[in-house]
Amino acid sequence: MGIVYENMIVVIPVMVKKPMDRKPIRRRSRQRTVVLEELRAVTSHPTARELYDRVRRRLPKISLGTVYRNLEQLCGCGKARRLVSEGGEARFDADVEPHDHVRCVRCGCVADLPGSAAEWQPGELDETAGFEIIGYRLEYLGICPRCRDSEAS
């Protein structure tokens, strides 16, 4: 667990599951298609509830449970990623390419960072730590521009 100091960024490396058993989605559904389209339309890394609010504009009768189930299926087949941070609600990302994130410690917003900070190659850590490395997640913590601006006011 990292410690957050004012005006500093703390890096907390966390292991995540490697999508070993990606299951293909058996049939295409209108609801799943809309959930994925709405997730791809934003870069805010929405929570399931935030995505539900967006999807309901197009599918007014959809339930929050259906959005959750479709997000699980999309993550399971590799079309989306779940971002879990310590003490926070899960957020979702349609960009499944390797990249890191920065999360505001005040409001919880999440933004993409270009590229990836990991410089190790698969197999290098296996020899030194004895672990079978199946993935990683690196999350930077900071204060977003909106929170900094409101603090200055």
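The values are calculated or read from the model by the stated rules, or taken from the named source; none is laboratory data. Worth saying up front: this structure is predicted, and the values here are computed from it rather than measured. Virtual Cβ from ideal backbone geometry, glycine too; neighbours counted across all protein chains shown.
Results, tabulated for the structure shown:
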read-out	value
Residue list for segment 32-83, filter: assigned to a helix (DSSP H, G or I) and among the small types (Gly, Ala, Ser)	48, 65, 76
Residue 52 of a type in the set (Ser, Thr, Tyr), at pLDDT 95 or above and buried (at least 17 other Cβ atoms within 10 Å of the Cβ)	yes
